[in-house]
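Take a look at the structure set out below.
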Amino acid sequence: MPSITKRTYTERAAAHPIAVARQLLECIDRKKSNLCVSVDVPNKASLLRIAAAAGPYCCCIKTHIDIVSDFDDDLVAQLQALAEKHDFLIWEDRKFADIGNTVKLQYSSGVYKIASWAHITNAHPIPGDGIVTGLAQVGLPLNRGLLLLAEMSSAGNLATGDYTATTVAMARRHTDFVMGYVAMRRVDEDPKTAGGVAEGEGADFVIMTPGVGLDTKGDGMGQQYRTPDEVINQSGCDVIIVGRGIYGGGDGNPDEKIVEECKRYQQAGWKAYEDRL
Ligand code: S5P
């Protein structure tokens, strides 16, 4: 089998065992967009406005729902309607990090009921396999998908070396629910972290990568930015995650600026993918 980086998104979609991964990979090809827009704004109106402006240009909108001070169920209903209208998936970037029983409750219950609306969520592997089995009990019946944080973008983070390799091994034990990683490179095909599995022979994991920016290298709080070419073409990742590079911080850029930046990142991400193939 060719290395995953040499397969098209469509070829990968056709062969993927997880429904939501198929949905994402198909959406990427349909829209020619491997751009995920991260919308980290503190109020409902801004979140919905930015999602509406960015929606046509991205495959996924990533939320941090607990940032929104006026959260209500209508926000979720409106975000779901935008996802239908503009053809994107919703990823709640919850970064679960507790034992299975606790994350199961955090995922299904409380104010946010994340599993009821987010196609994708993510978890730190630090508690061990129980975090995946706990989340899977809620997510699998709803056809949701999970990303494990195998690496992080911030300076000095601890998700390196053996930690990353152990995360890859964990993901391979749960290929019915773990659809991919948050990582900075193709960790499942890098000899240092792939655990002896040859290139092209392992399960197909979607690698979604934050820390992407065309204009700056950092944010003064540890974030480190790379270009879409470095991420998709040179490092073999699948989806670029762009937040402030598009919405601009605070309550967000005006719509025209958001659209302009979306187009810029969408084109750069797609070119990097074509160059990689
Ligand atoms: O390692 C990580 C993992 C994530 S999910 N580094 C990150 O920056 N993220 C998230 O990506 C982070 O929580 C934020 O929502 C987004 C990056 O935002 P930006 O404004 O720096 O592009």
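The values are calculated or read from the model by the stated rules, or taken from the named source; none is laboratory data. Please read these numbers as outputs of a predicted model, since none were measured by experiment. Note: ideal-geometry Cβ built from the backbone for every residue, glycine included; neighbour counts use all protein chains shown. We work out accessible area using only protein heavy atoms, side chains counted, and drop any ligands, DNA or RNA first. Shrake-Rupley method; radii C 1.70, N 1.55, O 1.52, S 1.80 Å.
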>> Residues that are farther than 22 Å from His86 by Cβ and more than 9 Å from the ligand (Cβ to nearest atom): does the range 255-268 have at least one?
In response: no
>> Can you report the number of residues in the range 71-99 which are open to solvent by 50 Å² or more (accessible area, probe 1.4 Å) and assigned to a strand (DSSP E or B)?
In response: 2
>> Between a residue in the range 233-250 that is free of Cβ contacts under 8 Å to residues at least 60 places away in the same chain and under 20 Å from Val206 (Cβ atoms) and any residue that is open to solvent by 10 Å² or more (accessible area, probe 1.4 Å) and near the ligand (Cβ under 9 Å from one of its atoms), which pairs come within a Cβ distance under 7 Å, given they are 6 or more apart or on different chains?
In response: Ser235/Met184
> With respect to the numbered conditions (1) within 12 Å of the ligand (Cβ to nearest atom); (2) within 22 Å of Ala83 (Cα to Cα); (3) assigned to a loop (DSSP other than H, G, I, E, B); (4) not aliphatic (A, V, I, L, M), which one is the sole condition not fulfilled by Tyr112?
Replying inline: (1)
> What number of residues in the range 185-221 are outside any strand (DSSP E or B), open to solvent by 30 Å² or more (accessible area, probe 1.4 Å) and within 16 Å of the ligand (Cβ to nearest atom)?
Replying inline: 8
> Among (1) within 9 Å of the ligand (Cβ to nearest atom); (2) among the small types (Gly, Ala, Ser); (3) surrounded by 15 or more Cβ atoms within 10 Å (Cβ to Cβ); (4) over 19 Å from Ile28 (Cβ atoms), which single condition is Gly243 missing?
Replying inline: (4)
>> Need the failing condition index for Tyr181 against (1) assigned to a loop (DSSP other than H, G, I, E, B); (2) surrounded by 18 or more Cβ atoms within 10 Å (Cβ to Cβ), just the number.
In response: (1)
> Do we have Asp40 as surrounded by 17 or more Cβ atoms within 10 Å (Cβ to Cβ) and at pLDDT 95 or above here?
Replying inline: yes
>> Anything in the range 52-70 that is surrounded by fewer than 17 Cβ atoms within 10 Å (Cβ to Cβ) and part of a loop (DSSP other than H, G, I, E, B)? List them, or say none.
In response: Ser69, Asp70
